[in-house]
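Some notes on the structure that comes next.
The values are calculated or read from the model by the stated rules, or taken from the named source; none is laboratory data. Remember, it's a predicted structure, so these values are computed and weren't measured experimentally. Reconstructed Cβ throughout: ideal geometry from the backbone, glycine too, with neighbour counts over all protein chains shown. Surface accessibility is based on the protein's heavy atoms, side chains included, excluding ligands, DNA and RNA. Shrake-Rupley method; radii C 1.70, N 1.55, O 1.52, S 1.80 Å.
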Amino acid sequence: MEQSLMDKLTILADSAKYDVACTSSGASRAAGAGGVGSCYAPGCCHAFTADGRCVSLLKVLMTNCCSFDCSYCVNRKSNDVPRATFTPRELAELTIEFYRRNYIEGLFLSSAVLVSPDYTTERMLAVLRLLRGEYRFGGYIHAKAIPGTSPELLEQLGFLADRLSVNIELPSERSLNLLAPDKGRHSIFRPMKQIAVEGAANREEVALYRKAPRFAPAGQSTQMIVGASPETDYHILQLTEGLYNKYHLKRVFYSAYIPVTEDTRLPALDTKPPLLREHRLYQADWLLRFYEFKAEELLDRDNPNFNPYLDPKCNWAVQHYGLFPVDVNRAPFEMLLRVPGIGPKSARRIWHARKQAALGLDELKRMGVVLKRAQYFITCRGFAGAHPGRGSAGRERITRALIDPNVFSGGVEQLSMFSPPAVDRLVEQGVPPRTAQKMVREEAVQCLARAL
C-alpha cells in the first residue's frame, strides 16, 4: 500500500528522535533578494517539544531503511519496524511548506544507510540542492555525514549545509566492532578530519575573498551513546577532550542509552536510561570548554566515574580543599573559574572590576556569584571566609551547600529525573520517594564530609 506524505513524516520524524546532536545554528546569513529564510548565529528557537526542549528545526530522517545492523539502533535492518523513505522532492517541498507556515526555521537532516553511504549521501545532496538552488532557501541546515561517504560527496555536502556532524555513537573501537560491525573507526574519524581540514582552509579563503562559498560555517559536532557499552566516564571524557583538541568540534553530545531491543550484548530492556550520568558528562564537557579544566583533573584511573551527588566542579573543589580559600581580589583568573559558585561571566566581571577597587560580598553578589557555595572557598574585602564550625558538623554544612540540588529535587510521588541509583533501589524496595531521597541525601552528606 502506498504511503501518504503524512505517514512518511510520522515514521521518519519518530525515527529521528534518538539523535540528540541538534543545537542552535552558530551561523549567520541574511536573506538574499528573492530568497526564502535567513540564519542567525544565536539560534532559532520558538517551538517546544513534549519533553520541554525548545527547537524550531524539522528533525527528520531521509529514510529508516537501513543496510547496517547496529544492535543498539531501533532502525537496524534486522528490526521489525515500519519503514519509509522520502523522495528528495517530497522532503524539500515539506521543508519549504513548513517554513512558510512558520512551523520551523531550519532543517536537521539525517538518514539510515540506504543501499550504501554514497547512495544515501547523494539523495541527501539532492534535497539540499533543491532547497538551496530551486527554492533559494537561506535557513539553517544541519546535515549528518554518513560514515564511509566518499570525500568528494562529503565536500559537496559541506558547501550546502551550515553544520555537519559525524556520530561516533560508541566510545571505543572494541564496542564499535561488537555492537556495530558494519562501521569502523576509520570510516568515522576520516570524515571528521576532512571536515576540520577543509573548514580551516575555507576560513582562510573567506578571509581573503569575502564572497567565497562557505564550507560548514557552523562547524561540526558528534554524538556518543552513554550506557550501551562498558566504557567509564574517564574514558569518554578523555575521548571528548581529544575530539575538541584534534578536530575542533563545536559540541560533543551525549545520549543516555534507551534499551530498544533484547540483546545479551546490551543492557536489559527494563534498565533505566542513565540520565544522571549523561547530565554529569554534559557538566564536565562544559568545564572542558569554558572553565579551562583538563579531563585528567576531573577523573583518573582510580576514580573513573563521576560522583552522583556532586557536580564535577564541586567534586574537584572538595578533593582539592587545601587550595582554598582564595582571595578574589588577587587570585589568578584560572583559579577564580575553579571556585564553586563562580562561572565564566562572573569571573570576568571580577577580573575587570577589581582593577578599579577591592571587592566585597555585596559587589560579588551583584556580579552573579552564588555565595551559598562560594562563601566556603573565598575571601574578599571585609570577609575572611565563612566558618562552618569545627568537626563533622562544619564539614557537613559545607557538603549540604555543595550537593547537586537536581539529584534530590523530586516530589512526594515522583523522583527527580536525575535521581541516583541508590534512591531508585530503595523505591523499588517499597520506600516512599521522599523518604528514600532523605535517607540517601543524609548518607551522601556524611560520606562527602569525611572526604573533606
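With respect to Glu198, determine if the residue is without any contact (Cβ under 8 Å) to a residue 60 or more places away in the chain, more than 18 Å from the chain's Cα centre (by Cα) and surrounded by fewer than 23 Cβ atoms within 10 Å (Cβ to Cβ).
Yes: the conditions hold for Glu198.
Which residue, of Thr95, Thr120, Thr85, is over 27 Å from the mean Cα position of the chain (by Cα) and among the polar types (S, T, N, Q)?
Every option except Thr85 fails the conditions.
Kindly indicate whether Ala284 is within 22 Å of Leu337 (Cα to Cα), touching a residue at least 60 places away in the same chain (Cβ under 8 Å) and of a type in the set (A, V, I, L, M).
Against the criterion (within 22 Å of Leu337 (Cα to Cα), touching a residue at least 60 places away in the same chain (Cβ under 8 Å) and of a type in the set (A, V, I, L, M)), Ala284 does not qualify.
If I filter segment 390-406 down to residues being modelled with pLDDT under 80 and over 32 Å from the mean Cα position of the chain (by Cα), which single residue comes out as farthest from Asp424 (Cα to Cα)?
Arg390
Output the number of the condition that Glu152 fails; it satisfies all remaining conditions of (1) in contact with a helix residue (DSSP H, G or I) (Cβ under 7 Å, 6 or more places away or on another chain); (2) on the phi < 0 side of the Ramachandran plot.
For Glu152, the exception is condition (1).
Looking at segment 181-188, is at least one residue within 26 Å of Leu239 (Cβ to Cβ), of a type in the set (A, V, I, L, M) and surrounded by 15 or more Cβ atoms within 10 Å (Cβ to Cβ)?
Looking through segment 181-188, at least one residue is within 26 Å of Leu239 (Cβ to Cβ), of a type in the set (A, V, I, L, M) and surrounded by 15 or more Cβ atoms within 10 Å (Cβ to Cβ).
Does any residue in segment 72-90 that is among the small types (Gly, Ala, Ser) come within less than 8 Å, Cβ to Cβ, of a residue that is open to solvent by 20 Å² or more (accessible area, probe 1.4 Å) six or more places away or on a different chain, and which pairs are these?
Partner pairs satisfying both residue conditions: Ser78/Asp69; Ala84/Gln3; Ala84/Asp7; Ala84/Lys8; Ala84/Ile11; Ala84/Cys65.
Give the residue that is least open to solvent (accessible area, probe 1.4 Å), with candidates limited to residues of segment 253-310 that are modelled with pLDDT of 90 or more and among the acidic types (Asp, Glu).
Asp285
If the Cβ limit is 9 Å and pairs must be 6+ apart or interchain, which residue in segment 353-369 that is within 16 Å of Phe333 (Cβ to Cβ) and modelled with pLDDT of 95 or more pairs with which residue that is charged (D, E, K, R) and not in a helix (DSSP H, G or I)?
Filtered contacts from segment 353-369: Arg354/Arg330; Leu359/Arg381.
Quick check on Ser409: is it modelled with pLDDT under 80, hydroxyl-bearing (Ser, Thr, Tyr) and either surrounded by fewer than 14 Cβ atoms within 10 Å (Cβ to Cβ) or out of contact with any Gly (no Cβ under 7 Å at 6 or more places or on another chain) (or both)?
Yes: the conditions hold for Ser409.
Is it true that some residue in segment 376-389 is surrounded by 13 or more Cβ atoms within 10 Å (Cβ to Cβ), touching a helix residue (DSSP H, G or I) at 6+ places or on another chain (Cβ under 6 Å) and at pLDDT below 80?
Yes, segment 376-389 has at least one match.
Mind listing whichever residues of segment 136-164 are among the aromatic types (Phe, Trp, Tyr) and modelled with pLDDT under 95?
Phe137, Tyr140
Restricting attention to segment 240-269, which residues are assigned to a helix (DSSP H, G or I) and touching a helix residue (DSSP H, G or I) at 6+ places or on another chain (Cβ under 8 Å)?
Within segment 240-269, Thr240, Glu241, Leu243, Tyr244, Lys246, Tyr247 qualify.
Would you pick out the residues in segment 217-247 that are modelled with pLDDT of 95 or more, out of contact with any Phe, Trp or Tyr (no Cβ under 8 Å at 6 or more places or on another chain) and either open to solvent by less than 10 Å² (accessible area, probe 1.4 Å) or at positive phi (or both)?
Once the filter is applied, which keeps residues that are modelled with pLDDT of 95 or more, out of contact with any Phe, Trp or Tyr (no Cβ under 8 Å at 6 or more places or on another chain) and either open to solvent by less than 10 Å² (accessible area, probe 1.4 Å) or at positive phi (or both), segment 217-247 yields Leu237, Thr240, Leu243.
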